[in-house]
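This report concerns only the one structure given below.
The values are calculated or read from the model by the stated rules, or taken from the named source; none is laboratory data. Predicted, not measured: the structure shown is a model, and the values here were computed from it. Here Cβ is always computed from backbone atoms with ideal geometry, including for glycine, and neighbour counts include all displayed protein chains.
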Amino acid sequence: MADSPYAGLPPEKWAARTLELIKRYPLKREEITEVVLQAWKDIFDSRLGPKGFQIGKDIFPQPQIMAFLLHELIPLEFATRHPQEWRRDLSGADKDVVYIPDDRFSLEIKTSSSANGIFGNRSYAQPTQTDKKSKSGYYLAVNFAGFDEQDTALPSIRLIRLGWLDHSDWVGQKAASGQQSHPTPAAKKHKLLRLYTSE
């Protein structure tokens, strides 16, 4: 992985660098948003089994299941739209969405039912093993609403962000048993550009 595009920059200049990175990205912001929203819609449009059970009508999965489905469908949608340029991961060394012409633009996806939190496992705050994918690079962060027993409306995508996070931006839980990590507040604020919000 190339050196950090933020190397030597003070935090107050991170936002401007983030804009530059997004402008150079191979996908336009509008298409990224469209792909995420389409993947979310596809979850609810799908039918399961001969009786045609539907998520949101007959089945109300926990957030972890909804996150898994999004995580699978987004790369497939990119690969279907641009089969010569994008593909899903094929090994542990791949990012979630691989940009075939130039791996620097490959994308890691983080999804959460948190209102605006971004989470990785604890390894994101630890040194990268040589046979694993780099923790530095482009990230697509998607926040969605969970099912509400008091509300019959289908849950929605809350927030979509795109940007670059470095390995050093991740902070692991302090407790020895903690298995989670998250970006620092400064990184989350200045290194990720908001593409879409439902509010």
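Some points to look at:
- Subset of segment 15-29 (residues that are touching a residue at least 60 places away in the same chain (Cβ under 8 Å) and among the hydrophobic types (A, V, I, L, M, F, W, C)): A15, L19, L21, I22
- When segment 152-168 is filtered for residues that are at pLDDT below 95 and in contact with a helix residue (DSSP H, G or I) (Cβ under 7 Å, 6 or more places away or on another chain), only L154 remains.
- Members of segment 30-56 found to be in contact (Cβ under 8 Å) with a residue 40 or more places away in the chain and surrounded by fewer than 11 Cβ atoms within 10 Å (Cβ to Cβ), listed by number: none
- Residues that are modelled with pLDDT of 95 or more and farther than 29 Å from A186 by Cα were ranked within segment 90-133; the one that is nearest to the chain's Cα centre (by Cα) is I100.
- Residue match in segment 82-89 (condition: more than 28 Å from E20 (Cβ to Cβ), at pLDDT below 95 and more than 13 Å from the chain's Cα centre (by Cα)): no
- The condition of being out of contact with any helix residue (DSSP H, G or I) (no Cβ under 6 Å at 6 or more places or on another chain) and touching a residue at least 60 places away in the same chain (Cβ under 8 Å) holds for only one of F105, F68, that being F105.
- In segment 131-151, the residue that is surrounded by the fewest Cβ atoms within 10 Å (Cβ to Cβ) out of those that are among the charged types (D, E, K, R) and out of contact with any helix residue (DSSP H, G or I) (no Cβ under 6 Å at 6 or more places or on another chain) is E149.
- Of residues in segment 1-18 being in a helix (DSSP H, G or I) and surrounded by fewer than 12 Cβ atoms within 10 Å (Cβ to Cβ), the one nearest to the chain's Cα centre (by Cα): A16
- Extreme residue, modelled with the lowest pLDDT, among residues of segment 172-189 that are more than 17 Å from the chain's Cα centre (by Cα) and not in a helix (DSSP H, G or I): A176
- Selection count, segment 138-150, where residues are more than 18 Å from S114 (Cβ to Cβ) and either modelled with pLDDT under 95 or out of contact with any Phe, Trp or Tyr (no Cβ under 7 Å at 6 or more places or on another chain) (or both): 2
- Selected residue (only one of P83, P63 is of a type outside the set (A, V, I, L, M, F, W, C) and touching a residue at least 24 places away in the same chain (Cβ under 8 Å)): P63
- The set of residues in segment 57-66 being surrounded by 14 or more Cβ atoms within 10 Å (Cβ to Cβ), more than 15 Å from the chain's Cα centre (by Cα) and not in a loop (DSSP other than H, G, I, E, B) is empty.
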